[in-house]
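This report refers to the structure that appears directly beneath it.
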Amino acid sequence: QQQVKQSPQSLIVQKGGISIINCAYENTAFDYFPWYQQFPGKGPALLIAIRPDVSEKKEGRFTISFNKSAKQFSLHIMDSQPGDSATYFCAAIFSGSRLTFGEGTQLTVNP
Amino acid sequence: ETGVTQTPRHLVMGMTNKKSLKCEQHLGHNAMYWYKQSAKKPLELMFVYNFKEQTENNSVPSRFSPECPNSSHLFLHLHTLQPEDSALYLCASSQAGGSMETQYFGPGTRLLVL
């Protein structure tokens, strides 16, 4: 089963708060987990990605936490800003497969 | 900009029209993709081309017809579409091979079928 389940569908956070988006997968063959960010009128763009041999990856205010045993991974946005308002997609892939995307989370950061 | 351009950005067509969407990538990639993005649904992969050869067709209706004349250009020919085909159509490209494959997306064509 090549499914990736993402939650929540929408998220409203106050400026300066922490945004957390969660994803779960079934296929243990997945070995690369990227997150994409999509602004209105634009295509998705790679934000940050992780391999399952590490439990956390941080780039600036964005952190991926990975729990291999639970088959879950999450995106944390620290000190959320109104400019972070966008739709976020998690995804998963393994060699020879194609990217499988989650359903997306619409994040709104209020000023 | 990601290096992937799409035209037109917006398209309104009737169910009997024939139109084409165009995608061009300036990244030197060897794989190109068409995706359909509908509200509140995951991105749906439609077609994959590797080195100009179609390698995947995810049960897409024949009213969508892709064409890849070279590794930099990808078209999606549309005919006798249905209102439920209204969506954002995204093109992407990548350097295929390996699991750390990063796809670069264009801005999409917003299609409305009346």
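Every number in this text was worked out from the coordinates using simple rules, so none of it is lab data. Since the structure is predicted, the reported quantities are computational estimates derived from the model, not experimental observations. Backbone-built Cβ (ideal geometry, glycine too); neighbour counts: all protein chains shown.
Which of the cysteines in chain B are isolated, no other cysteine C-beta under 4.7 Å? So, B:CYS68. A Cβ-based charge dipole, computed about the Cα centre of the protein assembly as shown with Lys and Arg at +1 and Asp and Glu at -1, lands at about 360 debye. For the pairs A:LYS42/B:LYS40; A:LYS68/B:LYS41; A:LYS68/B:LYS40; A:LYS42/A:LYS71; A:LYS57/B:LYS40, note any where the Cα-Cα span goes beyond 19 Å. With Cα atoms farther than 19 Å apart: A:LYS68/B:LYS41; A:LYS68/B:LYS40; A:LYS42/A:LYS71; A:LYS57/B:LYS40. Along segment B:7-20 the Karplus relation, 6.51 cos²θ - 1.76 cosθ + 1.60 evaluated at θ = phi - 60°, assigns HN-Hα couplings of 9, x, 7, 9, 8, 10, 9, x, 5, 9, 6, 10, 9, 10 Hz to successive residues, with x for each Gly and Pro. By the equivalent-ellipsoid construction on the alpha carbon gyration tensor, the protein assembly as shown comes out with semi-axes of 30, 21, 15 Å, ordered largest to smallest. Judged by the mean number of other Cβ atoms found within 10 Å, the most tightly packed of the peptides B:107-113, B:22-28 leads the ranking B:107-113, B:22-28.
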